[in-house]
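The values are calculated or read from the model by the stated rules, or taken from the named source; none is laboratory data. Note that the structure is a prediction, hence the values are computed from the model and not measured. Positions of Cβ are generated from backbone atoms using ideal geometry, with glycine treated the same way; all protein chains shown enter the neighbour counts. Note: areas computed on protein heavy atoms with side chains; ligands, DNA, RNA excluded. Shrake-Rupley method; radii C 1.70, N 1.55, O 1.52, S 1.80 Å.
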Amino acid sequence: MSWSTAPVEADWDSTTAALTSGAPVLLLAHVSPDADALGSALVVGIALDRLGIDAAVSFGDEPFAVPRVLRSLPGQHLLVATDQIGERPVVVSFDVSSINRLGVLQAAAESAAHFVAVDHHASYTGFGQVHLVDVAAPATAVLALDLVDRLGVALDAELASAVYAGLVTDTGSFKYAGTTPGTHEVAAR
């Protein structure tokens, strides 16, 4: 399947419904996460936490250790080691183009009652039950921000710093060809 268009409203709606259903949520970055993957998962995790929703953030590295360069991202209190996750029927992956990039958490994602993939890579392989994929987005963080907006959580400095980290990472500090005026508008927020 070609991922050349933005996600459809029905997919956004089913995702927000699953996230706000009351079921515990697991938000996943890819193995060896960068700021786009982990920042995207954390910004949505912080938003869900503010809504009183049980949300955990993780990535499939063993041993589980946050890369030093990412330890300043907000929401670190939501991080859960892979062996401490427990039952989480709603799973959302961020910036994961292929399911094997979930590492040891692949089985947890595949067995979820509701599994959403949020990504911006043209190489996305279509593994999620719901696909929030937009290859025109300069970073997954842009899609994560859209999800936060749809959840009705106001953007503040804490949330914005996680989004901005993803933007800076995946745009090469706003130098890559995918950087558009819209990218700068997101950064300005």
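Is there a residue being open to solvent by less than 10 Å² (accessible area, probe 1.4 Å), touching a residue at least 40 places away in the same chain (Cβ under 8 Å), closer than 19 Å to Gln84 by Cβ and in contact with a strand residue (DSSP E or B) (Cβ under 8 Å, 6 or more places away or on another chain) anywhere in region 6-15? Within region 6-15 (the criterion being open to solvent by less than 10 Å² (accessible area, probe 1.4 Å), touching a residue at least 40 places away in the same chain (Cβ under 8 Å), closer than 19 Å to Gln84 by Cβ and in contact with a strand residue (DSSP E or B) (Cβ under 8 Å, 6 or more places away or on another chain)), the answer is no, since none of the residues qualifies. Consider region 162-189 and keep the residues that are surrounded by fewer than 17 Cβ atoms within 10 Å (Cβ to Cβ) and hydroxyl-bearing (Ser, Thr, Tyr). The one that is modelled with the highest pLDDT is Tyr176.
Scanning region 44-76 for residues that are in contact (Cβ under 8 Å) with a residue 60 or more places away in the chain and either hydroxyl-bearing (Ser, Thr, Tyr) or part of a loop (DSSP other than H, G, I, E, B) (or both), we see that the one that is surrounded by the fewest Cβ atoms within 10 Å (Cβ to Cβ) is Leu51.
Entry remark, region 95-120: residues being in contact (Cβ under 8 Å) with a residue 40 or more places away in the chain, within 16 Å of Asp36 (Cβ to Cβ) and open to solvent by 30 Å² or more (accessible area, probe 1.4 Å) number 1 in total.
When Ala41 is tested against (1) open to solvent by 20 Å² or more (accessible area, probe 1.4 Å); (2) part of a helix (DSSP H, G or I); (3) closer than 18 Å to Gly128 by Cα; (4) at pLDDT 95 or above, only condition (1) is not met.
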